[in-house]
Amino acid sequence: MTEQEDITAALEKTQNALHDVELMINSLNDVRLSVHHVFHILQGRSPPLSGAAFRENAKFTYTALESLAKLAINSEGLLNDTQSMELPKLQGPSPISLETKQKEAQQEDKDNAVPTKPLPGVVAATFESEKGPEYANLSVDDTLRWFERKVRKSGTKVRASRLETQQSFPFSTLKINVSGVMNAFIVLEANRKGRCQSISRLVVFGAGEESSVWEDSSHLVFKKISQIAVGAVDYFMDRAPHSLLGLALEWISMYSTLFTAPCSGCGKHLYFDSQQFKHLPPTLYTYDDQGMALPFHPACQKK
């Protein structure tokens, strides 16, 4: 094999390993959610589960642990393969130092850049600086009412509602319908004042899918968005925990342009994501410090 082929093979193995690690993190989050249920009951903060709810929770935990075990076996093999492969020495500066310099240059460009308008068909919003205070410290119900008023004014066809759950279930589930595009489900925990204090799961399905909140979409594009949502929720929780639910709702509503808006990086709509996900539309709507909810293919956003 040539040096280029060696590098390509090593990168592919590394990408596969990273993908398995990402799936393992999702499974660990699922297990954490289940254990959280049990702790609530043991601490007396929630009544004991009914028979049906207990069976559902046990099935969910078993599925997550089984998935985690399989991924651990696969990742061990990939890790051994990656460690045993010797990469050829590259000529020139270290790729890491080059990447660091590129990021520094990009950050300098951002600091000196003149604000630009978003592409046609793209809805822009400043999450933290402009919108956060509007729903900071609101209860779940008040946040839903705020969101209803917000989408009504903007004309966006998005609706959020609370699903009925058993009284013994310590978490609430919200359904966000992005008309004609997708349905998102948020599993959250509220404090004694009714305010959202954590989001344990955010999963996305196609508009016509009828699935449990504990399952995953059968469509690759929505599986990808569900994975991206994990990072978005963690980011919102870290930066603005008192506005967590409002930020998540507003971010999800941006996906109303999922099948129409081009990528803000390459300008195209479909892009080859990976061997697993094939060609996808822009599945990453930005949620970082820039605050502009612009659509990107994940690979284009990193460039």
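Read-outs: derived from the displayed coordinates by stated rules, not from any lab. In this text the structure is predicted, and so the values were computed from the model without any measurement. Reconstructed Cβ throughout: ideal geometry from the backbone, glycine too, with neighbour counts over all protein chains shown.
Among the residues of segment 220-261, the ones that are surrounded by fewer than 23 Cβ atoms within 10 Å (Cβ to Cβ) and farther than 23 Å from Ala207 by Cβ come to 9 in all.
Among the residues of segment 257-278, are any touching a residue at least 24 places away in the same chain (Cβ under 8 Å), of a type in the set (Lys, Arg) and in a strand (DSSP E or B)? Yes, that holds for at least one residue. Would you call Gly208 of a type in the set (Gly, Ala, Ser), surrounded by fewer than 17 Cβ atoms within 10 Å (Cβ to Cβ) and on the phi > 0 side of the Ramachandran plot? Judged against the criteria, Gly208 is not a match.
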